[in-house]
Amino acid sequence: MERHRISTDNAPAALGPYSQAIVAGGFVFCSGTVGIDPNTGLLLEGVAEQTEQALLNLAAILEAAGSSIDQLVKTTIFYANVEDFATVNEVYARHMPDPPPARSAPANVALPRGLLISIEAIATLEDGR
């Protein structure tokens, strides 16, 4: 099976030895996306703002791969404070297709660099590749 790296300037660059996403077997496997503005490189303040930006970054990566938010089949949301669940859920719900993808959401995760949230995802390719 061939694997293809996905990289776009419309989302923050990988912060380590990983790809923004990999396309393989008709799926897009996205690394955790975070609330960093790709234009400024700055981390947004607050969990709602970081969640919104993480989802915009995820959409940009999926688009670069030939997919979209509408093609999501699984997401995992890692977030720093369980008290933020309602806020995260509210922002997340505005971006999800109907039916929404399967999801896991572990809380109280220690994320680096002041990150409050990281969202990883798996989507299908729109063109059936």
_Test item: Cα-centred dipole of the chain, Lys/Arg +1 and Asp/Glu -1 on Cβ, debye_ = 440 debye
*For an R0 of 30 angstrom, estimate the FRET efficiency from the Cβ-Cβ distance between ALA13 and MET96 and round to the nearest 0.05.*
0.70
*With the contact rule set at Cα under 8 Å and sequence spacing of 6 or more, what percent relative contact order holds for the chain?*
32 percent
*Note down the nm distance, to one decimal, between modelled labels 7 Å out along Cα→Cβ at LEU42 and at LEU111.*
1.8 nm
*Mean residue ellipticity at 222 nm from the helices of the chain, using -39,500 (n - 2.57) per DSSP H segment of n ≥ 4 over the full residue count, to the nearest 500 deg cm²/dmol?*
-7500 deg cm²/dmol
*Where in the stretch 1-94 are there chymotrypsin sites (Phe, Trp or Tyr not before Pro) that are in a DSSP coil and have at most 11 other Cβ atoms within 10 angstrom of their Cβ?*
TYR18
*In whole Å, what are the Cα extents of the stretch 20-95 along the three principal axes, biggest one first?*
37, 27, 19
*Going by the alpha-carbon gyration tensor, a ≥ b ≥ c the square roots of its eigenvalues, is the stretch 48-127 rounded (a/c under 1.5) or, if a/c is not under 1.5, prolate (a/b greater than b/c) versus oblate?*
prolate
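Since every read-out is calculated from the coordinates, none of them should be taken as a lab result. Treat the numbers as computed from the prediction; the structure is a model and nothing was measured. Using ideal geometry, Cβ is built from the backbone for each residue, glycine included, and neighbour counts are taken over all protein chains shown.
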